Amino acid sequence: MGATSTRATLAGRPARLHSGAMLPARLHHLFWEYDPRKLRWPADRDLVIGKILAHGTWDDLRWLRAAVSDDDLRGWILRARGRSLSPPQIRYWQLILGLPDDEVDRWLSDPARRIWHGRVRRGASRRRAA
């Protein structure tokens, strides 16, 4: 075991995942609609990244940041155009990963996205006011 993987293990973070690796049990809570024991890296990489970015805990995100490079996360978000992420999540990753402002602004101004997020926010406000 090299110095890098030793540091990663000591810090409680995984080294880069190898091909065919199973997901750690601590991530299984995100995959309630799948059998998480059957998910494999890299075959299910996009699913895993999306679930963790959209629904993961802070510890799940730390695990992902250790397992996947920032360039890979940036590429995933750009390819997905931020789909499945809330506007605050997109803005967070925009700052952390240096996503292009004009592109993120276009995603967030898309009428289809605004309809969904506007509907969710209005409903939440009404429940709080009641």
With R₀ set to 22 angstrom, the calculated FRET efficiency between the beta-carbons of residue 58 and residue 95, to the nearest 0.05, is 0.85
Contour minus Cα-Cα span, residue 33 to residue 21, at 0.36 nm per residue, comes to 2.4 nm
Whole-Hz Karplus couplings 3J(HN,Hα) for region 68-80, θ = phi - 60° and coefficients 6.51, -1.76, 1.60, Gly and Pro as x, run 10, 5, 4, 4, 5, 5, 4, x, 4, 5, 5, 5, 7
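Bear in mind that the values in this text are calculations on the coordinates, not laboratory data. The model shown is predicted, which means the values in this text are computed figures rather than measured ones. When we count neighbours, we look across all protein chains shown, and the Cβ atoms used for this are built from the backbone with ideal geometry, even at glycine.
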